[in-house]
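Sharing a structure with you now.
Nothing in this text is a laboratory measurement; each read-out follows from the coordinates by a stated rule. Quick caveat: nothing in here was measured; it's all calculated off a predicted structure. A quick note on method: Cβ atoms are made from the backbone with ideal geometry, for glycine too, and the neighbour counts reach across all protein chains shown.
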């Protein structure tokens with residue numbers, strides 16, 4: 001039971017498990033106390049806004065909209081991000097290229113879209129004993145569709161600045177990524193509600209690479225020829241967001257295979273069993289943390305690249321977790337991505 005006698009759902013999402021693995025104190029603040037930062041970090045905002053644009057793309061495909069209509073809908077969805085004009089320019093170029101990828105280039109032909117942004121909750125059952133846990137597996141599928149070749153596919157999209165080439169580290173870790181295994185379980189439950197008595201065949205893991213281009217700036221010291229014209233490769237003015245967007249799109253169109261990767265990922269019975277054993281143990285460890293109230297810090301996880309953990313100031317004593325200007329606290333709604 002939660003505070004005030006209200007039952008708190010025990011949901012194991014991929015995000016929650018990643019938080020617990022990363023740092024138990026991070027998990028305690030985020031999922032036990034329910035403290036979420038008031039401000040969203042810039043890299044996260046870019047990814048979240050891009051994800052919204054992709055949601056509109058797949059809803060457009062589901063509804064049979066034309067390409068131009070889909071692009072217009074995507075543009076409206078991400079319009080609030082225009083307050084950051086150059087990041088907005090990158091994002092619009094990425095989404096435009098994505099439309100081209102899935103409507104003109106990809107070998108994966110879509111027969112019908114079965115669902116977009118569908119949530120699931122399925123019982124966690126121990127794969128050996130058959131015991132049912134007090135935890136539920138929960139998540140949200142980006143898209144679920146049927147291919148022309150008859151396979152049922154889960155679509156999962158990510159934006160990344162990492163090396164995502166086949167054979168690289170990003171691709172390699174998908175072979176044991178718990179989120180992939182969890183989505184197979186969730187998709188199976190969703191298919192049952194649609195009257196489709198089968199399991200999904202594959203996940204098409206859809207990775208978009210963010211352009212690393214930067215806006216051109218005005219040349220500080222302009223060198224002028226005798227005829228009054230500037231020498232080549234000099235700029236008389238800063239590049240505008242519109243010009244930058246066109247340059248990003250040109251680079252994307254010329255290098256589509258560098259910007260977009262779609263991996264086919266499957267799961268076999270043993271791999272699903274191993275995942276369930278892992279997730280079962282994580283559920284038990286989280287239960288112990290909640291019961292004891294002990295959540296050790298992990299100084300090795302205070303930074304993800306250059307981005308500091310959102311609770312670093314709390315752990316170091318320079319910020320108060322109860323500061324309403326920094327955190328919103330709601331222990332009853334710790335999974336905002338699921339609406340619970």
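For the range 96-160, what does the equivalent ellipsoid look like in terms of its semi-axes, each the square root of 5 times an eigenvalue of the Cα gyration tensor, given largest first in whole Å?
The answer is 32, 14, 10 Å, longest axis first.
Once the Cα atoms of helix 42-62 and of the chain are each reduced to a long axis, what angle between those two axes, in degrees from 0 to 90 to the nearest 10, is obtained?
90
Pick the calculated semi-axes √(5λ) of the Cα gyration tensor in Å for this structure from (1) 39, 28, 18; (2) 39, 25, 19; (3) 87, 24, 19?
Computed from the coordinates, semi-axes √(5λ) of the Cα gyration tensor in Å corresponds to (1).
If one takes the longest principal axis of the Cα atoms in the chain, at what angle in degrees, from 0 to 90 and to the nearest 10, does the Cα axis of helix 269-292 lie?
So the helix axis and the longest Cα principal axis differ by about 80 degrees.
Kirkwood Rh over alpha-carbon pairs of the range 179-276, then Stokes-Einstein at 25 °C and 0.890 mPa s: what D in µm² s⁻¹, rounded to an integer?
In µm²/s, the coefficient rounds to 133.
Could you tell me the distance between the Cα centroids of the range 20-67 and the range 260-330, to the nearest Å?
The distance from the Cα centre of the range 20-67 to that of the range 260-330 comes to 15 Å.
Could you work out the Rg to Rh ratio of the range 212-324, with Rh taken as the Kirkwood radius (inverse of the mean 1/r over all Cα pairs)?
1.24
If you don't mind, another one. When you count, for each residue, the other Cβ atoms within 10 Å and take the mean per peptide, how do 58-68, 14-24 rank with the highest first?
In decreasing order of mean packing, 58-68, 14-24 become 14-24, 58-68.
Here's another thing I want to ask about it. Could you bin all the Cα-Cα distances of the range 33-97 into 10 Å bins starting at 0 and give me the percent of pairs in each, rounded to whole numbers?
In order of increasing distance, the bins hold 21, 48, 22, 9, 1 percent.
Could you tell me how many degrees, from 0 to 90 and to the nearest 10, lie between the Cα long axis of helix 178-193 and the main elongation axis, the longest principal axis, of the Cα atoms of the chain?
70
Is it possible to state the helix-based mean residue ellipticity at 222 nm for the chain, with each DSSP H run of 4+ residues giving -39500 (n - 2.57), the sum divided by total residues, to the nearest 500 deg cm²/dmol? What is it?
Rounded to the nearest 500, the figure is -11500 deg cm²/dmol.
Can you put 261, 51 in order, fewest other beta carbons within 10 Å first?
In increasing order of surrounding Cβ atoms, one gets 51, 261.
So for the range 1-154, what are the equivalent ellipsoid semi-axes in whole Å, largest first, each being the square root of 5 times an eigenvalue of the Cα gyration tensor?
34, 24, 13
Can I ask one more? Just to compare against my own numbers: the Cα pair-distance distribution for the range 271-333, 10 Å bins, whole % per bin, please.
Distribution as computed: 17, 31, 39, 13, 2 percent.
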